[in-house]
Amino acid sequence: MTAMTQPTASDAMRRKTRWFMFGAFVVAGIAFAVIAVSGINKNLIYYWTPSDLQNAGNKAYGATIRLGGMVSPGSIKRLGGSAVEFDVHDASQHVHVKTTSVPPQMFRENIGVVVEGTMLRSGYFQSNRLMVSHNNQYKPPAKGHPVNQKELRKMIESTEGLKDD
């Protein structure tokens, strides 16, 4: 007669470890499936140029997009309050933008901008965030450069109320 061997503690531990690993893989697989099916794309923000936006067709409508380009000359219209509308262009396309966000002080024609929002079927891009690009490099005026009193007064007025650290 053969004697039955008793399972040792290490065999029981190996079995528990296998079941734990199997359970972990099943949970990870279910989590991955839920993320894939739930439409993670709805939470992504795309960075597009006006040409990309025009070429995207129906994909552009309803998606949250960061549109980057240059502000077209002569297109800025202030609508009262903080509302502004303007055109953004790249090398070949223009997109009309309407925003209610307060434009930064550097906002002007021919400056690079990034606007975040959604393209609407009514033909314009509705923005809820407006950012301008700049290089953060200060260049002092050339020696002997005349100071424009109007510009200097405007700069001083724009800093009123700011505290010195």
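The values are calculated or read from the model by the stated rules, or taken from the named source; none is laboratory data. This structure is a prediction, so every number in the text was calculated from the model and none was measured. Positions of Cβ are generated from backbone atoms using ideal geometry, with glycine treated the same way; all protein chains shown enter the neighbour counts.
For ARG121, the stated conditions hold: it is touching a residue at least 60 places away in the same chain (Cβ under 8 Å) and not β-branched (Val, Ile, Thr). Residues of the range 52-103 that are polar (S, T, N, Q) and in contact with a Leu (Cβ under 7 Å, 6 or more places away or on another chain): THR99, SER101.
Return the residue satisfying two criteria in turn: it lies in the range 114-149 and is surrounded by 10 or more Cβ atoms within 10 Å (Cβ to Cβ), among the polar types (S, T, N, Q) and out of contact with any Lys or Arg (no Cβ under 8 Å at 6 or more places or on another chain), and of such residues it is modelled with the highest pLDDT. Only one residue tops the list, namely THR118. Of LYS59, LYS42, all but one fail to be loosely packed, with under 11 Cβ neighbours inside 10 Å, of a type in the set (Lys, Arg) and either modelled with pLDDT under 90 or under 30 Å from SER122 (Cα atoms) (or both); the exception is LYS42.
Flag not set for SER101, criterion: closer than 28 Å to GLU151 by Cβ and modelled with pLDDT of 90 or more. Note on the range 70-117: among residues that are polar (S, T, N, Q) and in contact with a Phe, Trp or Tyr (Cβ under 9 Å, 6 or more places away or on another chain), the one that is nearest to LEU130 (Cα to Cα) is THR99. In the set ASP52, ASP87, only one residue is free of Cβ contacts under 8 Å to residues at least 12 places away in the same chain, surrounded by 15 or more Cβ atoms within 10 Å (Cβ to Cβ) and out of contact with any helix residue (DSSP H, G or I) (no Cβ under 8 Å at 6 or more places or on another chain); that residue is ASP52.
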